[in-house]
Structures are given as C-alpha cells and as structure tokens.
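Single-structure report; data block below.
Read-outs: derived from the displayed coordinates by stated rules, not from any lab. None of these values were measured; they are calculated from a predicted model. Heads up, the Cβs are rebuilt from the backbone with ideal geometry, glycines too, and the neighbour counts pull from every protein chain shown.
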C-alpha cells in the first residue's frame with residue numbers, strides 16, 4: 001500500500017509540475033496568439049520574445065498581499081481555490097500520454113475524467129457564496145449554471161467514442177485507434193467535444209461569467225494575489241487536460257508514423273489548444289441567454305442524434 | 001487486515017464524521033461542504049468494495065448534480081450569514097421516528113448474509129452494461145419512465161412561477 | 001482479506017492525486033507567507049464594488065430558473081450515467097440493443113421536449 005501511495009504521489013507531483021509548466025506556456029501562448037491576431041507582438045521584454053513573462057507574473061503574484069475581506073466565510077473562501085485546482089490535477093491521472101504511458105488506467109477512466117470537473121463546479125459556487133459580495137454570488141450562479149448545462153452534451157459527445165471503442169478505459173480507447181481516428185468515425189462528436197469544452201473552460205465565446213463590464217470579476221472578484229492565481233491555474237490546467245484528453249480519445253494520442261509517440265501526443269494536444277485560442281480571439285461573446293439555450297435546444301439534441309448515427313455506424317465497423 | 005480493509009474503515013469513518021458535521025453545523029455553507037465530503041467518502045468506499053463504475057457514477061451524479069442542486073438552493077435563498085434554525089413542533093415524535101428508522105436499518109444490516117462468499121475481484125464495467133441490456137432490461141426502461149415522471153413532477157412545481 | 005487489491009490501488013492513486021492537488025497550492029500559499037506584505041486597512045476589508053462603497057447588502061435573489069435548470073441537469077445526469085453503463089457493450093447486443101437504448105433515450109428525450117414546450121428552457 002505504501003508503495004502504491006508513493007507511486008501515486010510521485011506521479012501527482014510530476015504531473016503538477018507538468019501542469020504548472022503547461023499553465024505558464026498556455027498563458028504565454030494566449031498572449032502571443034492574441035497579440036499576433038491583433039497585429040501586435042504581445043510580450044517581448046521579459047526574456048527572448050517574452051518567454052519569461054508568465055514566470056515573472058507568477059513571482060509577482062507570490063509577493064502580493066493576501067487580502068481576505070472582512071465579511072467572508074473563511075472556510076469557504078480558503079477552500080474554494082483548492083477545490084478548483086485539485087480536479088484539474090486529478091483529471092490528468094487517466095490520460096494516456098504517449099502510448100500508453102498512463103499514471104493509472106482506471107476501468108471507468110472516461111467517466112472519471114468527466115466526473116471530476118463536477119468538483120470544480122462546487123468550487124465556483126462556494127467561491128461565489130462565501131465572498132459576501134453580490135457580484136460574486138451572481139457570477140458564481142451564472143458560471144455554475146453554464147458549467148452544468150454544458151456537462152451533459154460534453155459527456156454525450158465522448159459517449160460516442162465509448163460506443164465505438166467498447167470500453168470506458170482511456171488506454172483501450174487509444175489502442176483501438178491504430179487504424180483510424182475516432183474523430184473521423186464520429187466527426188460530429190469531435191466537433192461537439194471541442195465546442196462544449198470551450199464552454200466548460202469559460203472561454204470566449206462563452207466567457208460571460210468573466211465579463212468585466214458586467215460582473216466585475218464574477219465569482220473571483222474578491223480574490224487577489226496567489227489565491228486568484230489558483231483559479232487561473234485551474235482554468236489553464238483544465239485547458240491542457242481537456243485538450244490532452246481530446247487528443248488521446250479522438251485523435252489517436254501518440255499514434256503516428258516516424259516521430260516518437262510523445263512528440264505526436266504533444267503536437268495533437270497543442271493543435272487543439274491553439275485551435276481553441278484561435279476561436280477565442282476571433283469570435284465575439286455570446287449573451288447569457290444564447291449560451292443557455294444553445295446547450296439545451298441545440299447541443300443536446302445534436303449530441304443525441306450523433307449517438308444514434310454512431311450506434312448505427314458502429315454495427316458496421 | 002489488508003490495505004483495502006484499512007481504507008474501507010477510513011472511508012466509513014470519514015463519511016460518518018462528515019455526515020454528523022453536515023447535520024449539526026449551523027452555517028449552511030459548512031453543512032453543504034461536509035455533505036460533499038460525505039458523498040466523496042461514500043464513493044471511496046464503493047471503489048474499495050470493487051464497484052468502480054458506481055463509485056465514479058456517485059461522483060458524477062451526487063457530487064456533480066445533487067450537491068450542486070443543494071448549493072443552488074442555498075445561494076438562491078440564504079440571507080447573509082446563512083444560519084440554520086432547527087425547529088420542530090414535535091421533538092419527541094421526531095426522536096421516536098429517528099430511533100425506529102435507525103433500529104430498522106441496523107436490524108436489516110446485521111441480518112444480512114451474503115449468498116456467496118464476498119468476491120475479491122472488481123466488478124467489471126461491462127458486467128453492468130450486460131445486465132442492463134439483458135436480464136434487467138425491464139428495469140432499465142422503467143428507470144427511463146421514472147426519469148420522465150420526475151421531470152414532469154419537478155417542473156410542475158416550477159411552472160407556477162412565471163420566471164420572476 | 002475482504003477487499004480487492006487492485007481497487008485499493010485505484011483509490012490510493014485517486015487520493016494521492018487529490019492530496020497533491022490540495023497540498024501543492026496550499027504549500028505555495030504557505031511559502032508566500034514570508035514573502036508577502038501585510039497591511040490590513042478598513043477600506044480594504046470592504047466588499048469590492050468598483051471602488052464605491054457597498055451599494056446594497058448581499059441580499060436574496062430568487063430566480064427559480066436557476067433551480068429548474070439544476071433539477072433538469074440532475075435528471076439528465078442520471079440518464080447519461082446509465083448510457084455510459086450500457087454504451088461499452090452495445091455492439092454485442094446488435095439491433096436489439098439499439099432498440100432498448102433507443103427506447104430509453106426516447107423516454108428521456110420526451111422529458112426534454114416537455115420542458116421545451118412548457119417554455120422552461122428559456123433563460124431570461
């Protein structure tokens with residue numbers, strides 16, 4: 001038992017480092033992509049081409065005063081950022097990095113990956129509720145409503161892959177893609193996954209909960225410094241996790257000719273990440289009612305239809 | 001006493017402790033958080049007993065759905081400093097009911113004798129699927145019916161308010 | 001020994017990751033304690049409303065829409081979980097399986113249609 005515990009902690013710490021690095025890279029990429037798409041250069045000063053920008057920002061945040069407003073519920077306020085970040089790390093546990101180099105291959109891995117962000121929803125609500133601030137409460141409510149609305153179509157989109165592969169284990173799903181990617185067999189499912197993931201990550205065009213003009217900072221209004229940084233880390237770590245999962249489950253992970261599997265895996269993951277960034281800086285933001293009706297009236301029916309179609313396809317594959 | 005046994009009793013202890021906090025803590029937020037811990041501990045217990053799918057489903061539905069629902073309720077109705085008042089007009093009857101319920105549960109649990117020896121293998125996920133679509137198909141469809149009925153019933157309550 | 005060795009391993013892994021997930025940020029906060037300044041002031045303690053004094057005390061807001069959405073969500077959550085249970089073995093059941101699951105999905109879709117027709121899916 002101790003050996004297993006030690007193994008898991010080593011994996012977890014290792015993945016924490018990976019997550020932290022991917023967060024730094026993600027934030028940097030975000031600003032560079034945003035810059036270039038807006039015909040400017042983005043960060044350039046800190047390090048060559050601004051590479052050290054995120055590191056500098058992180059160090060700055062470490063030095064900021066830890067401000068806990070007077071009327072907050074202390075337990076909730078302190079616990080919320082931790083509750084937000086932990087699921088992101090936990091979801092990294094079932095992703096098969098580079099054929100199949102996976103921390104733990106759970107038999108119900110796919111469902112685990114989809115279930116763990118539910119804890120993150122609780123974190124958002126607790127943050128909003130414990131902040132003793134009207135805007136935080138409202139932002140928390142809206143954000144949570146959006147998150148749960150998109151969990152269903154997201155799960156349904158992955159379900160089509162589960163049907164095709166006949167298994168809930170991420171490793172098995174990866175192995176079944178040696179001939180053809182599941183994104184090819186269920187393109188609508190893949191498209192749905194991308195769209196719903198963008199919504200789950202609160203990214204434009206679904207980023208109303210963070211819309212500054214409307215809700216100040218939404219549920220993280222009262223958070224400053226390092227505590228706020230944890231919410232950011234949770235978001236970008238989740239971004240990386242979701243893209244890696246999509247790459248493994250829809251795009252065949254590490255499979256590919258010539259290059260070693262880990263390289264393919266990174267390429268596919270970052271292809272998804274860059275695509276989502278591209279969307280973010282191109283498309284204007286949806287209104288909250290558009291966001292909610294989209295998930296209920298459009299995406300869920302489309303997801304169900306996709307399941308029906310895929311089920312039929314599956315009989316012939 | 002293997003690793004699994006220790007973990008099981010640990011999960012059980014945590015779930016009981018969390019349940020007690022959930023029921024007794026006066027601040028609603030703490031109560032709900034304790035409820036969340038309780039659900040998570042139950043999921044861990046399921047996992048150790050070999051029911052992988054159920055454990056994950058527990059997180060997905062209970063933590064992801066029910067706990068969220070309760071939090072929505074708290075956020076929509078609580079005044080600042082959400083205190084809970086425990087008031088009932090019939091404390092003695094409540095006590096009697098609680099004791100009867102507890103007694104029944106304990107009696108049932110103590111009388112349980114498993115038909116076969118307890119397995120030490122995990123229940124494969126496909127076993128559940130095979131059962132649902134095979135021998136338990138009627139049950140499967142009945143669940144669908146119950147879900148439909150639940151939606152109609154729940155939304156009937158909501159419908160009376162025109163959204164304001 | 002009563003319990004499965006493998007599942008103990010699964011759980012240990014999950015708990016290990018959860019532990020690091022909570023402890024690592026907490027550790028960062030702890031380290032920061034020495035680096036951070038601390039100068040509490042009355043104005044800093046007030047809730048933030050764009051720099052103005054607080055306009056209204058945190059008050060109740062009751063939009064039943066939110067609760068209705070969450071209710072619907074729980075129902076669809078259960079449906080999704082059951083679909084996840086039956087999906088991996090669907091191929092084995094062929095056409096009969098498709099009909100079974102189809103009937104199940106149809107029932108729950110009826111629920112969605114009901115909510116839609118009752119204008120309960122609209123937001124504002």
From the Cα centre of the stretch A:112-164 to that of the stretch A:243-276, the distance in Å is 26 Å
What length, rounded to one decimal in nm, is gained on full extension from residue A:39 through to residue A:3, with 0.36 nm per residue of separation minus their alpha-carbon distance?
-> 7.7 nm
Cα Rg, Dmax, the stretch A:70-315, angstrom units | 18.2, 61
Using distinct alpha-carbon pairs, which all enter the 1/r mean, Kirkwood radius of the stretch A:155-199 in Å | 10.6 Å
Within 10 Å of each residue's Cβ, count the other Cβ atoms and sort A:74, A:154 from fewest upward.
-> A:74, A:154
What is the distance in Å between the Cα centres of the stretch C:74-124 and the stretch A:1-35?
-> 36 Å
Rounded to 10°, Cα long-axis angle of helix A:187-200 versus longest principal axis of chain A = 10 degrees
Between residue A:56 and residue B:12, the two model label points (7 Å from Cα along the beta-carbon direction) sit apart by a distance in nm of 5.8 nm
For the stretch B:3-86, build the convex hull from the C-alpha positions and give me its volume per residue in Å³.
-> 73 Å³
Report, as an integer, the average count of C-beta atoms from other chains found within 10 Å of each Cβ along A:286-292.
-> 2
At 0.36 nm per residue, minus the direct Cα-Cα distance, what do residue A:46 and residue A:282 gain on full extension? Give it in nm, one decimal, please.
-> 82.3 nm
Based on DSSP H runs of at least 4 residues, each adding -39500 (n - 2.57), what is the mean residue ellipticity at 222 nm of chain A after dividing by all its residues, to the nearest 500 deg cm²/dmol?
-> -22000 deg cm²/dmol
Which residue fluctuates the most in chain A, going by a Gaussian network model with Cα springs under 10 Å, if the choices are A:39, A:52, A:88?
-> A:39
Taking 7 Å along the Cα-to-C-beta vector as the label spot, tell me the residue B:111-residue A:101 distance in nanometres, rounded to one decimal.
-> 5.8 nm
Between residue A:179 and residue A:271, what FRET efficiency follows from the Cβ-Cβ distance if R0 is 30 Å, with the result rounded to 0.05?
-> 0.90
Would you mind calculating the gained length between residue B:93 and residue B:26 on full extension (0.36 nm times residue separation, minus the Cα-Cα distance), in nm to one decimal?
-> 21.9 nm
Average silhouette area of the stretch A:171-315, convex hull of alpha-carbon atoms, in square nanometres | 10.6 nm²
Pull out a ≥ b ≥ c, the square roots of the eigenvalues of the alpha-carbon gyration tensor of the stretch C:74-120, then state rounded if a/c is under 1.5, prolate if not and a/b is larger than b/c, and oblate in the remaining case.
-> oblate
Whole-number Å³ per residue for the convex hull built on Cα positions in the protein assembly as shown = 177 Å³
Spherically averaged projected area of the stretch B:124-164 from its Cα convex hull (nm²) = 4.0 nm²
